[in-house]
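Q: The structure is given below, and queries will be raised subsequently.
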Amino acid sequence: MPIEEEDTRKVQTAVAGSPGADRPVYLPMDAASYDHFIREYPSRDFYCGTLLGGCGKKLSARKYRDKKCHFAHVVSGQCRRVSTNEASADHLYIGRALAAWMKKQKYKNVQVRYRQRGQSLRELVDISYTRGGSPRRHLMRVQLARRSKTEWERSDTELHGQWAGVQWLFGPDSMLANWQVDRQGYAIRIQCRPAGITRVVEVGVQFADAPVEWIPLSRCRMTAYGIHAPALELTPTGLSRLDREPRPSPSRLAEVPPSVSHRAQDVGLSPSGESSLAPVIAPAADLLVRKRRTLERPKPVESHHAQREALAGLVRVPHSILGAPGPSLEQLRAEDDRRGTERVLSLLDRLDQIGDDLHLDQLQKVLREIAFCEEAMWSP
Ligand SMILES: [Zn+2]
């Protein structure tokens with residue numbers, strides 16, 4: 001392929017070191033990040049990596065101000081690489097991150113495989129390991145390619161026959177996580193997110209009734225029962241959902257009367273924004289948007305109980321819940337808007353993911369929640 005044509009391909013990923021290396025490189029598209037990128041890779045030894053499905057030939061990083069920065073082959077020639085976008089090396093980012101994470105936890109004989117017989121690159125990543133001095137090997141399978149439920153179940157049965165233990169992680173496109181949720185109540189998801197000149201691997205736990213909350217891999221650990229993320233509880237019989245606080249169901253949300261509002265006169269604040277000992281109504285929407293924030297920290301029993309009551313109806317919530325001294329009206333507004341925005345963004349993420357899976361009932365549920373969040377935001 002002539003080099004002029006290469007330029008139009010917009011190759012955003014390469015490997016560094018050698019043609020067969022598994023060290024992925026991601027070139028951000030904006031010129032502003034280019035210099036930072038080159039400082040990180042002064043030797044500029046980039047290749048159209050064979051683990052990316054590439055030809056193995058040398059690539060050069062091109063800087064442009066009027067179009068996206070990208071890699072181009074130094075010498076023109078045949079290259080059959082199919083996937084060149086910014087996500088095209090995610091299988092390598094994921095494989096390396098999981099292997100490093102397992103080694104850090106002192107698991108032994110950790111090996112990553114990107115190629116399997118009968119499978120193309122980017123369809124799956126296998127990480128095998130041993131634990132506790134036992135020679136028996138366990139497997140973590142990252143399913144990236146889309147598969148049917150039947151195909152997945154067949155693979156699962158086969159793998160359980162071959163390995164001492166099998167853990168599934170589902171990539172953004174596998175469309176299988178819902179089946180795993182049906183089976184065990186949750187599914188472990190994995191994705192890459194661009195962060196400067198690299199791509200960060202994130203893990204999330206998918207439940208049937210909540211958006212996936214993405215967290216760094218470092219906040220999880222591997223156990224005998226599988227990956228233990230903060231959203232899960234380790235019990236003597238296995239991992240299960242950590243019950244943190246009541247979750248309003250869509251029907252409950254629909255029941256919240258329109259009189260529930262964040263306006264100052266409703267929450268007992270004076271026009272100056274000074275809070276008093278007056279009773280304060282905790283709006284249900286606030287509970288909803290606060291959910292994400294509170295997931296990471298234990299909630300005092302009293303506050304938890306009061307919020308449960310507040311959700312059930314309009315009750316008097318002790319002022320102490322809001323903290324002392326009381327926040328100003330502006331602070332309350334800013335905080336509520338921030339939470340609302342955070343919640344809506346999280347719901348949009350969820351929408352994106354559900355949209356991929358074409359689960360219309362869940363789609364409608366998220367749309368209802370977004371509408372509710374927007375309604376509950378402070379009016380100017
Ligand atoms: Zn190539």
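What follows draws every value from the coordinates through simple rules; no lab data is involved. Note that this is a predicted model, so its numbers are computed, not measured. Cβ placement follows ideal geometry from the backbone for every residue including glycine, while neighbour counts extend to all protein chains displayed.
Q: Identify, from the list R96, R44, the residue that is farther than 23 Å from S218 by Cβ and charged (D, E, K, R). Please lay out each step first, then the result.
A: Details: R96 fails: farther than 23 Å from S218 by Cβ.
Step by step, each of R96, R44 is checked, and only R44 is farther than 23 Å from S218 by Cβ and charged (D, E, K, R).
Q: Right, next: Can you tell me which residues in region 54-69 are within 16 Å of the ligand (Cβ to nearest atom) and charged (D, E, K, R)?
A: Answer for region 54-69, where residues must be within 16 Å of the ligand (Cβ to nearest atom) and charged (D, E, K, R): K57, K58, R62.
Q: Quick one: which residue in G133, G77 is within 16 Å of the ligand (Cβ to nearest atom) and in a loop (DSSP other than H, G, I, E, B)?
A: After ruling out the rest, the residue left standing is G77.
Q: If you don't mind, another one. How many residues are assigned to a strand (DSSP E or B) and over 15 Å from N85 (Cβ atoms) when one looks only at region 18-58? Working first, answer last.
A: Our first condition is that a residue be assigned to a strand (DSSP E or B); within region 18-58, this holds for 24-26, 46-47, 58.
Narrowing the set further to residues that are over 15 Å from N85 (Cβ atoms) leaves 46-47, 58.
Total meeting the criteria: 3.
Q: Shifting gears a bit: Is it the case that V110 is under 30 Å from G204 (Cβ atoms) and within 13 Å of the ligand (Cβ to nearest atom)?
A: Taking the combined requirement at face value, the residue does not satisfy it.
Q: So which pairs qualify, if the first residue must be in region 39-55 and in contact (Cβ under 8 Å) with a residue 60 or more places away in the chain and more than 17 Å from Y114 (Cα to Cα), the second must be part of a loop (DSSP other than H, G, I, E, B) and more than 16 Å from the ligand (Cβ to nearest atom), the Cβ gap must be under 8 Å, and the two must be at least 6 apart or on different chains?
A: That search, which allows pairs on different chains as well, returns E40/I197.
Q: Tell me the residue from A72, A14 that is within 16 Å of the ligand (Cβ to nearest atom), under 20 Å from A97 (Cβ atoms) and touching a residue at least 40 places away in the same chain (Cβ under 8 Å), please.
A: Selected residue: A14, the only one of A72, A14 that is within 16 Å of the ligand (Cβ to nearest atom), under 20 Å from A97 (Cβ atoms) and touching a residue at least 40 places away in the same chain (Cβ under 8 Å).
Q: Within region 126-173, which residues are closer than 18 Å to I190 by Cβ and loosely packed, with under 12 Cβ neighbours inside 10 Å?
A: none
Q: With the requirement that a residue be more than 10 Å from the ligand (Cβ to nearest atom) and buried (at least 16 other Cβ atoms within 10 Å of the Cβ), what does region 80-92 give you?
A: S83, E86, A87, S88, A89, D90, H91, L92 - these are the residues of region 80-92 that are more than 10 Å from the ligand (Cβ to nearest atom) and buried (at least 16 other Cβ atoms within 10 Å of the Cβ).
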